[in-house]
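This report concerns only the one structure given below.
The values are calculated or read from the model by the stated rules, or taken from the named source; none is laboratory data. Predicted model, so just to flag it, every value in this text is computed and none were measured. Glycine gets a Cβ as well: all are built from the backbone with ideal geometry, and neighbour counts include every protein chain shown.
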Amino acid sequence: MQTQINLFEFVKYSDKSSKEFEFIKKFKNIFSDDLESVLDIIWDERNKYIPDKNLYYESSFKKQRFIDFRKDSISPRNWIGTIHFRSSDAEYTINLLPKVFYKTNYKYNSKDTDSIFAHILWWLSGSDRQNFSSMESSLGALESNFLEVLVSIFSSYTLEILSSTSYNYYEPVEEELQTVKGQIDFNSYVKYYSVGNRHILPCKFDTFQYDNQFNKIIKYVATILIEFTKIKKTKSNLEEILFILDEVELTSVTYEDCDKVILNPIYTEFKTILDNCRLFLSSLSVYKWKDDYSVFALLIPSEKLFENFIFGFLTESKDLISDDIEKIYRQSTVGRSHIAYEKNKPDKRHFRMYNDIVVKMNNLTAAIIDTKYKVIYMENEEDEEEVIISNKNNYTIKQSDIYQMSTYALTSGILKIGLWYPSTISDSNDESFPIFMIKEELSGTQKEIEIHIAKLNIIHENGLEMNVNGKLETIFQNTKQKLISQLKQVLTELK
């Protein structure tokens with residue numbers, strides 16, 4: 001029997017009569033204290049969703065940071081995904097959902113959950129590392145957890161492509177032959193010659209192989225996923241994929257192996273498959289303990305998901321957003337890359353700046369964009385000393401965010417700053433924010449820093465009532481156009 005519960009980021013579940021608290025209580029009765037210890041292992045061995053420098057992954061915490069467990073409450077942190085526990089006679093699934101969809105005292109049904117899953121898939125599609133847009137979501141027909149949704153979509157799409165097209169690739173091979181093939185490795189041949197094996201010719205050549213790295217990655221991922229899924233159709237799809245790849249050697253692969261595969265740009269369908277394999281290999285943890293229990297966890301840091309979605313969306317839609325955009329990149333090449341250096345040691349620099357996005361305009365101006373996966377709301381529930389409040393709309397914005405952006409502006413020389421937050425399911429459409437002006441007077445130049453606040457509409461116009469069936473690019477077509485229009489206006493103000 002499978003039991004499933006949905007928990008939202010940073011929501012404190014403390015009501016002992018709530019179904020969430022009862023779920024954890026029942027869960028712990030079955031799995032004892034292994035829940036937290038297993039999450040500790042997953043935390044310690046977590047893979048990096050993004051290979052770039054990520055301070056969050058350098059956390060010194062030894063204890064897991066996915067869910068806070070206290071005596072009278074539980075509270076998920078900033079991770080989105082699914083944790084699936086299985087014993088010989090019970091299954092428990094915890095879906096960790098984005099806080100932007102949380103509504104107080106709202107009773108979520110399976111259709112609401114499917115809508116949230118669809119949004120997460122769309123946000124993943126915006127990343128330059130994943131692509132789900134052209135794939136059929138079929139969410140309305142699949143009442144399950146988020147990981148089952150991902151596996152189902154991946155299996156059906158991959159099977160469709162491999163059933164009609166095979167991927168062969170020239171790969172470098174090194175063999176010891178008695179006749180020359182390709183090029184002789186003379187460095188190795190000298191060693192053979194010196195010991196009397198002059199008849200052995202170490203050769204390097206390319207061979208057109210079906211048993212290549214790309215197919216090995218698919219086979220390894222399919223082998224992992226088939227152990228997890230309980231959906232008959234998904235399991236059948238994965239079995240057929242493994243049958244098609246029967247001649248391919250089964251070897252263990254990693255996230256980094258995906259980056260070693262070079263695909264012809266015209267084979268976009270293969271790139272989609274590789275991108276999805278990359279997602280599973282980077283975010284999926286599989287662990288077994290006591291021979292009776294197993295856990296499958298696919299967890300993505302929500303801040304990076306939001307940042308990657310916005311960066312990918314800007315990059316993909318650059319020409320539609322503005323003709324004035326010359327380039328969009330991750331790190332600033334203008335001004336200093338570090339905030340400070342040691343006195344008398346100017347080459348010894350410290351406190352590197354990690355700008356989320358830099359937009360360079362054709363008129364040589366630039367803007368730093370920092371994405372903040374935070375909910376800014378109407379009611380002031382924070383300490384007023386830590387919050388700047390817009391007098392017009394009474395929104396709360398962390399003062400530390402303003403400090404951070406001011407530092408970025410001063411050290412980079414870029415005085416136009418964008419501070420972008422996600423919209424929420426409860427937001428209205430007529431929200432606006434003032435432009436914060438900060439005068440830089442110490443240098444005597446009287447420069448003015450402009451900080452532009454925006455709340456980006458990343459949620460479908462129909463909210464949780466949206467239709468989740470079909471291709472994501474069709475489902476979110478209007479949402480995409482509205483976001484393009486909003487970004488066009490926001491970036492115009494940043495010129």
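Things to note:
- Residue within region 223-238 that is closer than 20 Å to Y267 by Cβ and out of contact with any Pro (no Cβ under 7 Å at 6 or more places or on another chain) present: no
- Meets criteria (closer than 28 Å to P422 by Cβ and not hydroxyl-bearing (S, T, Y)) for I325: yes
- Residue count, region 75-92 (criterion: over 21 Å from I425 (Cβ atoms) and buried (at least 21 other Cβ atoms within 10 Å of the Cβ)): 4
- For the residues K488, K439, K480, the requirement of being surrounded by 15 or more Cβ atoms within 10 Å (Cβ to Cβ), farther than 23 Å from S110 by Cα and not assigned by TED's automatic domain parsing to the domain that holds D114 singles out K480.
- Region 163-179 residues that are surrounded by 13 or more Cβ atoms within 10 Å (Cβ to Cβ), paired with ones that are among the β-branched types (V, I, T) and part of a strand (DSSP E or B) (beta carbon under 9 Å, 6 or more apart): E171/T207; V173/T207
- Close pairs from region 224-246: first in the same structural domain as S285 (by TED's automatic domain parsing) and more than 18 Å from L162 (Cα to Cα), partner assigned to a helix (DSSP H, G or I) and of a type in the set (V, I, T), Cβ under 7 Å, at least 6 apart: F228/V151; T229/V151
- Residue match in region 427-436 (condition: within 22 Å of the chain's Cα centre (by Cα) and within 22 Å of P98 (Cα to Cα)): no
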